Amino acid sequence: MRTTIIILGGLILLGLSLLVARWIGGAGTPTIATVAMIFIPIWLAAALFNLWMGVSGAGYSVTEELPIFLVIFTIPAAVALLVWWKSS
């Protein structure tokens, strides 16, 4: 359940970022594409923080936490790449 909530949080963060980009830069696609690409390293940092919390706080091993990290990072990052690809 926690994994689903974190993935949804990433998708909501991406959506809010794109809304702010549209509000600031207008409907122009370069701004949206730029924000989509900026989102990916920010989301990577958030997913790595979640991995670290799972290892240090919850007591999981890196081997146990790594597949969850990959899912948590990949889904919102793939959506961001799709937005970048469609708006470029």
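We did not get these values from a lab; they are worked out from the coordinates using the rules stated. The model shown is predicted, which means the values in this text are computed figures rather than measured ones. Don't worry about glycine lacking a Cβ; one is built from the backbone with ideal geometry, like all the others, and counts go over all protein chains shown.
The table that follows gives values for the structure above.
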{"quantity": "Dimensionless Rg over Rh [the chain; C-alpha; Kirkwood]", "calculated": "1.06"}
{"quantity": "Gain on full stretching of the segment that runs from Thr29 to Ala78 - 0.36 nm per residue minus C-alpha separation", "calculated": "15.8 nm"}
{"quantity": "Those chymotrypsin sites (Phe, Trp or Tyr not before Pro) in the chain that DSSP places in a loop and that have at most 16 other beta carbons within 10 Å", "calculated": "Tyr60"}
{"quantity": "Using θ = phi - 60° and Karplus 6.51 cos²θ - 1.76 cosθ + 1.60, couplings along the stretch 30-40 (whole Hz; Gly, Pro as x)", "calculated": "x, 5, 5, 5, 5, 5, 4, 6, 5, 4, 4"}
{"quantity": "Per-residue HN-Hα couplings for the stretch 21-26 [Karplus 6.51, -1.76, 1.60; θ = phi - 60°; Hz; x = Gly/Pro]", "calculated": "4, 5, 5, 7, x, x"}
